[in-house]
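Q: First the structure, which I've put down as structure tokens, then a few questions once you've had a look.
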Amino acid sequence: MLFEQIQENKRKTVYVMIGFFALVLAIGAALGYLFMRNLISGVVVAAILAAIYMAMMIGNSTNVVMQMNHAIEIHDAREYPDLWHIVEDMAMVAHVPMPRVFIVDDPSPNAFATGNDPEHAAVAVTTGIMARLNREELEGVIAHEVSHIRNYDIRLQTIALALSAVISMLVNIGSNMLWWGGGRSRDNDREEGASNVIGLVFSILLLILGPLAASIAQMALSRNREYLADASGVELTRNPQGLINALLKIANSEPMQAADPSSAALYISDPFKGLSRPGAHLFDSHPPIEDRIAKLRAM
Amino acid sequence: MLWFIIIIILLVVGAVVFYISTYNNMVKSRNWTDEAWSQIDVQLKRRNDLIPNLVSTVKGYAKHEQDTLEKVIKMRNQLVEMPTDNRQATMAASNQLTDSLKSVFALSESYPDLKADAEFTKLMEELTNTENKIAYARQLFNSSATRYNNQIQTFPGNILAGAHNFQKVAYLETPVEEKVAPKVSFE
């Protein structure tokens, strides 16, 4: 059951990532069509930008993300001995190196993991989670986060973050150029006729809908991965009840203040409690907590 | 004729590559189990070092609990003297020590001053930590051992295992009550 779930998730992830790349290239093509009369050069520019962005993010993502979320690193077991020891335990049983450990000063209980690969990974928890969860529950949460690290979800999220950034940059360039009247000259348009108009409309539509599609793809990636991390976290602790109780406590709490909106998908549970976009499930970064608990109960 | 020779060469190269990778995978899996065992070993030693501190701290508050404390000391010394190459016996002794430690921690309920003692709180976290690490390292050991045993018992690994004398690894038994609630919590 768990194995099939993991396979299913991996397959879906591949589709979404392919779609994501295709979207970046399509937006590049639209820009190329609009301003350079050449689809290919637009695609090449988009691909190069995406490569540069990803290299930058992958090299330094942990520090960037931690800073965006106001997280402070702890270096040994002195300040939060139980947290430090639990992270050690989970890293050991998951057979990954000890990640860096961060604390976010926020009364709302939550946690996340980030990084590029298990050798350069980090977990962060809020002071709220330390205050409200007992050891068993904290173990469930840390096991979930360490599973994100072991399953390379952290790299996936880092790449998704970089691709979204590339898309919003391309769209920004495109709309600025449209606004200032760049691109094709009017007389050319008149000569080339109707097919050209369709191309133009399609390109502009792509620029408008691109960022929307990007955030839907990013959220879909994150939603799938949450179920998987829940399941493999329980495989580490052998104790679904700990994570269930933790999720219940996290669900019944106030939204976070220190969280950064663009890293919302990283957290174990939506830090904004869906307040920003009520009703629109397509944009949810996390599956409903009731569904996650139901799946954990069935294990 | 040339094609025939090329095919033979490819087959031989393929077989050699397959042989090497299977062999290396089996060695890697066996190393994983040894590594997991050394984790357990480290934690057992750490716990043995912590127990004298615990006993002297508890003594100050709970003078009438001599029996409980002596039992812990006895269990600890038994474990210290045991040769660690017998994994099954070591783990059995360790499980007994875990049980007697639980009764020491239970004392804190009847001695509020002890419970409030900073040194005792610190020792409690340290010992909880070693107990959990032992439990998790045992889990890691058993899952690594399953992987390794599967490799050396299934085809074609079993042929290599026979030729290079790879031995089956025995699992470490999990104490009964831990199967229900796997981890020790002294809270």
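Q: Can you show me the helix-derived [θ] at 222 nm for chain A, built from DSSP H runs with n ≥ 4 at -39,500 (n - 2.57) apiece and divided by the number of residues, rounded to the nearest 500.
A: Computed ellipticity for chain A at 222 nm equals -23000 deg cm²/dmol.
Q: Between B:Lys28 and A:Trp180, take the C-beta separation as r, use R0 = 60 Å, and let me know the FRET efficiency to the nearest 0.05.
A: Step by step, r from the Cβ atoms, then E = 0.50.
Q: I would also like to ask the following. Would you look at the GNM of chain B, springs on alpha carbons closer than 10 Å, and say which of B:Pro156, B:Pro175, B:Pro52 moves the most?
A: So, out of B:Pro156, B:Pro175, B:Pro52, the one fluctuating most is B:Pro156.
Q: By how many degrees, between 0 and 90 and to the nearest 10, does the Cα long axis of helix A:39-68 differ from the longest principal axis of chain A?
A: 30 degrees
Q: Let me ask something else about it. I'd like the Karplus ³J(HN,Hα) series for the range B:8-13: coefficients 6.51, -1.76, 1.60, θ = phi - 60°, whole numbers in Hz, and an x wherever there's a Gly or Pro.
A: 4, 4, 4, 4, 5, 4
Q: Now for a different question. For chain B, with a Gaussian network of springs between Cα atoms less than 10 Å apart, report the residue from B:Val12, B:Val42, B:Val80 with the top mean-square fluctuation.
A: Among B:Val12, B:Val42, B:Val80, the largest mean-square fluctuation in the Gaussian network model of chain B belongs to B:Val12.
Q: At q = 0.09, 0.10, 0.13 Å⁻¹, what log₁₀ I(q)/I(0) does a Debye calculation on the Cα points of the protein assembly as shown give, no solvent, two decimals?
A: For the requested q values the scattering log ratios are -0.77, -0.89, -1.22.
Q: Measure nothing fancy, just the Cα-based angle from helix B:87-110's long axis to the longest principal axis of chain B, in degrees from 0 to 90, nearest 10.
A: Taking the Cα atoms of chain B, the angle to B:87-110 is about 30 degrees.
Q: A follow-up question, please. Cross-link candidates for A:Lys12: which lysines have Cα within less than 20 Å, leaving aside residues fewer than 8 places away along the same chain?
A: A:Lys12 reaches A:Lys295.
Q: Tell me, what is a quarter of the convex hull surface for the C-alpha atoms of chain B, in nm² with one decimal? Write down the numbers at each step before the final one.
A: Details: hull surface 54.3 nm².
That works out to 13.6 nm².
Q: Now, a different point. At B:Val17 and A:Lys12, where each label point lies 7 Å from the Cα along Cα→Cβ, what is the point-to-point distance in nanometres?
A: Output for this residue pair reads 3.5 nm.
Q: By how many degrees, between 0 and 90 and to the nearest 10, does the Cα long axis of helix A:135-150 differ from the longest principal axis of chain A?
A: The angle comes out at about 40 degrees.
Q: Same structure again: With springs only between Cα atoms under 10 Å apart, run a GNM on chain A and tell me which of A:Ile142, A:Ile173, A:Ile198 wobbles the most.
A: Fluctuation is largest for A:Ile198.
Q: Evaluate E = 1/(1 + (r/R0)^6) for B:Leu2 and B:Ile159, where r is the Cβ-Cβ distance and R0 equals 30 Å; express this FRET efficiency to the nearest 0.05. Please report the intermediate quantities before stating the final value.
A: Working: r = 32 Å, r/R0 = 1.07.
Given R0 = 30 Å and the Cβ-Cβ separation, E is 0.40.
Q: List the residues whose amide H sits under 5 Å from the amide H of A:Phe102, counting only those 5 or more places along or on another chain, with H placed 1.01 Å from N in the peptide plane.
A: Those qualifying (amide H under 5 Å, at least 5 residues apart or on another chain) are A:Ile74, A:Val123, A:Ala124, A:Val125.
Q: Under a plain spin-label model, where a point goes 7 Å from the Cα along Cα-to-Cβ, how far apart in nm are B:Arg46 and B:Glu81?
A: About 2.7 nm, to one decimal.
Q: Just give me a number: lysine pairs in the range B:32-180, eight or more positions apart or cross-chain, with C-alpha atoms less than 20 Å apart.
A: Eligible lysine pairs with Cα atoms under 20 Å apart amount to 22.
Every number in this text was worked out from the coordinates using simple rules, so none of it is lab data. What you see is a predicted model, and the numbers here were worked out from it, not measured in a lab. Backbone-built Cβ (ideal geometry, glycine too); neighbour counts: all protein chains shown.
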